[in-house]
Amino acid sequence: MKADPKNVFTGSHYIDGDVACAYGAVAAGCKYLAGYPITPSTEAAEAFAVKAPYVGAQFIQMEDELGSIASVLGASWAGKKAMTITSGPGFSLMMETIGLGAATETPFVIINIQRAGPSTGVPTSTGQADMMQAKWGSHGDYEIIALAPESPQESFELTFKAFNLAERYRVPVMVMSDECVGHMAEKVVIPNAQELEVEPRRYFTGSKKDYKPFKRDKDLVPWMARAGAGYKLYLTGLTHGEDGRPIFDVKTFEMKSKSLRGSTNRYLVDKIRHNRDKIIKFEEHQTDDAEVVVVSYGISARVAIKAVKEARESGIKVGTLRLVTVWPFPEKRIEELAHQVKGFVVPEINYGQVVYEVDRCSQGRANVILVPHGGAAVHDSDDILGAIKQAATDHNPYDRILEYTTALEREVFGENMVSKI
Amino acid sequence: MDKIIEAFHDGINKSGRDREKMCMVTDIAYDPEVVDYLGVDLFHTNRGRAIAFATGMKLSNPNLILAVFIGDMATLGGNHFVHAARRNMDLFVVCVNDFRYRKVAAQETPGDFSRLEFSSYCSIEQPLNLPHLARSNGAVYVARWTALHHEDLINSMAEALPQAGFKLIEVISPKPELLEFFYLNSEIKHGEDTAKVGIEEDKKIVVGKFVERERETFIDAYNKQHYKVLGDKFIKIAAE
């Protein structure tokens, strides 16, 4: 289905990443945004709120993030594409209801413009430290999809894509942007509506009596129905079977049998894991001959470009792999590269999150070097260059992740002060 | 509890509202099993978020009739309760007050006042006056009954369901052996000032219809204001 031209602000814009997220959502047909103001994400909600009345969409400023996310779930079941926009502290508040969204397989989008530090942190500065929270934040087993834009242009594109993925797999999708991308103004080109393919909601088309909210298609994704349309929907956050009714029997938790009363827990993870090849997107450059590969995402990927260029100029065979989809993680590709390279360099604005995934997938075949950053600023590209050089010279894989000591840390803590992973 | 659902069932019939368009949103205080014979859609949400969930549903499809059942005296969802009333969101809220978290180990809720049950050292806290909270924040319909005021409860539900705006019915429903005690120790005072209906020990429980008034709902106000500013460019909130 093509995008509705009314929703697509075709043309060349000079806007920041936050606003680009809002435009991407509108283009994808998002009709409901509930949020609570939080720096550095407010610009996105503002931009959406301004455009909403023109496109039949609705913005509501809820009383808190707990209410925002709950109302987004409600809106989604009432038949609208819905999202919320937040940052770290609000993201934490939403966690419980994200679990409800995952368990009831509700399609919705969360945009998290990450900021620095734990707790209130540095509200006005950047960070990439919510990456693991995005995947593991709510209790119990489930899988989500998380995307990481590196520019305002990509903020538009990935927010658009997030809605498509949410509808396609009936899953919460997170756009893990950060303050730097969110507040960076660049040229954003929005194409014609004809060029934008929108995934329509997968409504059940059979007889109303036959509808089961968690009966799966071949690709393990169940069909949706609208609330208040006579389907006698039965949705609960309790562990449930195909018909949505609660299940408490241990034997039926693993739904391998075709029994109607098997729980759907297994499918919450399987529907993403089995479809991961279709979901995962990453960008590779110069990895054909690479001895070192820089694995990065979001704003860190852009900072790494300079370091990679300088390293190539100095004769080091270095390539890059930029994660567009952080979750699910491109395990296969990292594993393949681990056979080929001496080392991976992972710059991220935290003290080690995605680097653990890289290390897990490289299975001890290559060195994995983390270039850490405490947040509130982006990396110095010289640090990434230093880590690339280190990776290129060490031949024997270490049994643990190496943490590169950045110039700033050396200055502040001295050479031996920083504890290593 | 069965009595209340039965009253709700009869209340829907009496009000003549369309069951197909009705969605029952509850938090975890309710067994979802009860809705099977109601013939409505059920959304059994997580702790305390029922009102916010229903807010999202109403805004996305104004044709839906939202019945929200909460069970912890709006403790976890207290903020949603206050703000939904303030916005005059079109929700029909039933709060079943049994003074206890019956599903766990009967710990006291903020509605508890009693030394009637065996809590180790008795409740020392002042019970929450939910009708007053609803009224002071702008609810259009506020009533309280005990579960044994069956006919009154049915009439009240039938009366409140078709009204536009935030409606609250508090139902006093302690454990079965105490139902009659509360029924006998209640007095009906329609139109009573909600400031005076707080539940106190050694005093009769005041029941009845306390508030019935008209106020512009959120969706009407939203549509009106946007139309005023944007004119024909404005697209109203409507179901997709």
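The table for this structure:
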{"item": "Matching entry among A:A129, A:A116, A:A78, A:A148 (being crowded, with 21+ Cβ neighbours inside 10 Å and at pLDDT below 95)", "result": "A:A116"}
{"item": "Counted residues, segment B:31-78 - those being within 24 Å of B:D10 (Cα to Cα) and of a type in the set (K, R)", "result": "1"}
{"item": "Criterion (more than 10 Å from chain A (Cβ to nearest Cβ), under 16 Å from the mean Cα position of the chain (by Cα) and in contact (Cβ under 8 Å) with a residue 24 or more places away in the chain) met by exactly one of B:F53, B:F8", "result": "B:F8"}
{"item": "Selection count, segment B:141-160, where residues are surrounded by 21 or more Cβ atoms within 10 Å (Cβ to Cβ) and either within 11 Å of the chain's Cα centre (by Cα) or among the charged types (D, E, K, R) (or both)", "result": "6"}
{"item": "Of all residues in segment B:207-240 being out of contact with any Ser or Thr (no Cβ under 8 Å at 6 or more places or on another chain) and closer than 30 Å to B:L184 by Cα, the one that is nearest to the other protein chains (Cβ to nearest Cβ)", "result": "B:R213"}
{"item": "Qualifying positions in segment B:74-83 - more than 7 Å from every other protein chain (Cβ to nearest Cβ) and either surrounded by fewer than 24 Cβ atoms within 10 Å (Cβ to Cβ) or within 18 Å of A:L233 (Cβ to Cβ) (or both)", "result": "B:T75, B:L76, B:G78, B:V82"}
{"item": "Hits in segment B:187-233 - residues which are among the polar types (S, T, N, Q) and closer than 30 Å to B:N97 by Cα", "result": "B:T194, B:T217"}
{"item": "Subset of segment B:19-47 (residues that are at the interface with chain A (Cβ under 8 Å from one of its Cβ atoms), of a type outside the set (A, V, I, L, M) and either surrounded by 22 or more Cβ atoms within 10 Å (Cβ to Cβ) or over 23 Å from A:K209 (Cα atoms) (or both))", "result": "B:C23, B:D41, B:F43, B:H44, B:T45, B:N46, B:R47"}
{"item": "Among (1) surrounded by fewer than 22 Cβ atoms within 10 Å (Cβ to Cβ); (2) over 28 Å from B:L178 (Cα atoms); (3) in contact with a strand residue (DSSP E or B) (Cβ under 8 Å, 6 or more places away or on another chain); (4) more than 7 Å from chain A (Cβ to nearest Cβ) - the single one B:G16 does not satisfy", "result": "(3)"}
{"item": "Any chance A:M184 is surrounded by 12 or more Cβ atoms within 10 Å (Cβ to Cβ) and touching a Pro at 6+ places or on another chain (Cβ under 9 Å)", "result": "yes"}
{"item": "Which listed residue, of A:G90, A:G67, is modelled with pLDDT of 95 or more, buried (at least 24 other Cβ atoms within 10 Å of the Cβ) and in contact with a helix residue (DSSP H, G or I) (Cβ under 7 Å, 6 or more places away or on another chain)", "result": "A:G67"}
{"item": "In segment A:199-222, the residues that are farther than 23 Å from A:S71 by Cβ and within 23 Å of the chain's Cα centre (by Cα)", "result": "A:D219, A:L220, A:V221"}
{"item": "Filter pass, A:Q194 being more than 14 Å from chain B (Cβ to nearest Cβ), surrounded by fewer than 24 Cβ atoms within 10 Å (Cβ to Cβ) and closer than 21 Å to A:V326 by Cα", "result": "no"}
{"item": "In segment A:230-248, the residues that are surrounded by fewer than 21 Cβ atoms within 10 Å (Cβ to Cβ), facing chain B (nearest Cβ under 8 Å) and more than 15 Å from B:V35 (Cα to Cα)", "result": "A:L238"}
{"item": "Any hit, segment A:197-215, residues being touching a residue at least 24 places away in the same chain (Cβ under 8 Å), of a type in the set (V, I, T), away from every other protein chain (no Cβ under 11 Å) and within 30 Å of A:S151 (Cβ to Cβ)", "result": "yes"}
{"item": "Close pairs (6 angstrom Cβ cut-off, 6 or more residues apart or separate chains): under 27 Å from B:R213 (Cβ atoms) and free of Cβ contacts under 8 Å to residues at least 24 places away in the same chain in segment B:179-203, hydrophobic (A, V, I, L, M, F, W, C) and outside any loop (DSSP other than H, G, I, E, B) anywhere", "result": "B:K189/B:V206; B:E192/B:V206; B:E192/B:F210"}
{"item": "Odd one out for A:K2 among (1) more than 24 Å from A:E186 (Cβ to Cβ); (2) in contact with a Leu (Cβ under 9 Å, 6 or more places away or on another chain); (3) surrounded by fewer than 24 Cβ atoms within 10 Å (Cβ to Cβ); (4) within 14 Å of chain B (Cβ to nearest Cβ)", "result": "(4)"}
{"item": "Residue ID - farthest from B:F113 (Cα to Cα), chosen from residues in segment B:225-240 that are loosely packed, with under 11 Cβ neighbours inside 10 Å and out of contact with any helix residue (DSSP H, G or I) (no Cβ under 9 Å at 6 or more places or on another chain)", "result": "B:D232"}
{"item": "Residues of segment A:270-301 satisfying the condition of being assigned to a helix (DSSP H, G or I) and basic (K, R)", "result": "A:K271, A:R273, A:R276, A:K278"}
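Rundown of residues vs (1) farther than 10 Å from B:A7 by Cβ; (2) in contact with a strand residue (DSSP E or B) (Cβ under 6 Å, 6 or more places away or on another chain), yes/no style:
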{"site": "B:E125", "(1), (2)": "yes, no"}
{"site": "B:R135", "(1), (2)": "yes, yes"}
{"site": "B:H150", "(1), (2)": "no, no"}
{"site": "B:L153", "(1), (2)": "no, yes"}
{"site": "B:G165", "(1), (2)": "yes, no"}
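The values are calculated or read from the model by the stated rules, or taken from the named source; none is laboratory data. Bear in mind the structure is a predicted one, so any value in this text is a computation, not a measurement. Because the Cβ atoms are built from the backbone with ideal geometry, glycine has one as well, and the counts that use them run over all protein chains shown.
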